[in-house]
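Worksheet: one structure, shown below.
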Amino acid sequence: MKETTSFPVTFTDSAVHRVQQLLAEEANKNLKLRVYITGGGCNGLQYGFTFDDKINHDDFTIEKQGVMLVVDPISMQYLLGGSVDFSEGLKGSRFIVTNPNIKTTCGCGSSFSI
């Protein structure tokens, strides 16, 4: 596990607050928010979010207000300089990744290429 004080991805207060709410509903207080990138979508890559109770030895972690964000090293290469946020609006509630490395996105914004 690589814990850093200067994390290469920003975890916003809004995202932290939403994760705190979701964790309060779960029976497992050891869960962490894992953000990852996987192949898929019309542009080749897409984001994934899951709760995980494991941290691998090479994962990057950041803890903010008692919530831990976990990113695997391959996904971190694509997320450098980005941020994980949570938004509620007309399009519904969702976690949003802002990523300065993206070259193109699909029309619906769910997949991207770098």
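The values are calculated or read from the model by the stated rules, or taken from the named source; none is laboratory data. Quick caveat, the model's predicted, so the values are computed rather than measured. Here the Cβ is made from the backbone with ideal geometry for all residues, glycine too, and neighbour counts use every protein chain on show.
Considering the range 27-64, and only residues there that are hydroxyl-bearing (S, T, Y) and modelled with pLDDT under 90, the residue that is nearest to V84 (Cα to Cα) turns out to be Y47.
Quick check on my filter: what residues within the range 73-97 are aliphatic (A, V, I, L, M), out of contact with any strand residue (DSSP E or B) (no Cβ under 7 Å at 6 or more places or on another chain) and closer than 22 Å to I55 by Cβ? I74, L80, listed by residue number. If you go through the range 11-41 and pick out every residue that is part of a loop (DSSP other than H, G, I, E, B) and surrounded by fewer than 14 Cβ atoms within 10 Å (Cβ to Cβ), you end up with 6. Please enumerate the residues belonging to the range 42-101 that are closer than 21 Å to N28 by Cβ and among the aromatic types (F, W, Y). Result: F49, F51, F86, F95.
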